[in-house]
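Values in this text are rule-based calculations from the coordinates and carry no lab data. Just so it is clear, the structure is predicted and the values come from calculations on it, not from any experiment.
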Amino acid sequence: PAAMEQAIHVNNAEFVKAKIIAEAANGPVTVGAEAILQENGTIIVPDLFLNAGGVTVSYFEWLKNLSHVRFGRINKKWEEYGKTQLVDFIEKKVGNKLSEEARTMIVAGADEEALVHSGL
């Protein structure tokens, strides 16, 4: 069942012959129907497991709309952080500091315009 909630209920559960039900909708099997199905040996894969990917994507869409930040900007900050940590580590091991210009060139990465041009 993937179309709507409570598609399988106590009035039709006894007619279901499937050995496995994958709940692709939110709550397609009622509590009463679940008891009947389990009694008949039917395995039910909960919607919570099957819909996890969609929920994750929705969360990122919500984040994007909430803060009006493009996904690339979120990723860019993370990449900059990782590169900064790497440059700091190398500087510490070598015992020599990079110039601010060199550090910025390594850490900053591509801007939005460069990314667009790289895709053309």
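Along each of the three principal axes of the Cα atoms of the chain, give the extent in whole Å, ordering the values from largest to smallest.
74, 34, 26
Considering all alpha-carbon pairs of the range 71-118, what whole percent are spaced by more than 13 angstrom?
60
Under 25 Å between C-alpha atoms is the cut-off here; go through the chain and count lysine pairs that meet it, provided they're at least eight residues apart or on different chains.
11
When the Cα centres of the range 76-120 and the range 39-65 are compared, how far apart do they sit, in Å?
37
Tell me which residues come under 5 Å, amide H to amide H, from I44 once H is placed; ignore anything under 5 positions away on its chain.
Distant-sequence amide H within range of I44: I21.
Calculate how steeply helix 52-67 sits against the longest principal axis of the alpha-carbon atoms of the chain, using the helix alpha-carbon long axis, and give the answer as 0 to 90 degrees to the nearest 10.
Once rounded, one gets 50 degrees.
Can you pull the semi-axes for the range 1-68, root of five times each eigenvalue of the Cα gyration tensor, sorted largest first, whole Å?
The answer is 31, 11, 8 Å, longest axis first.
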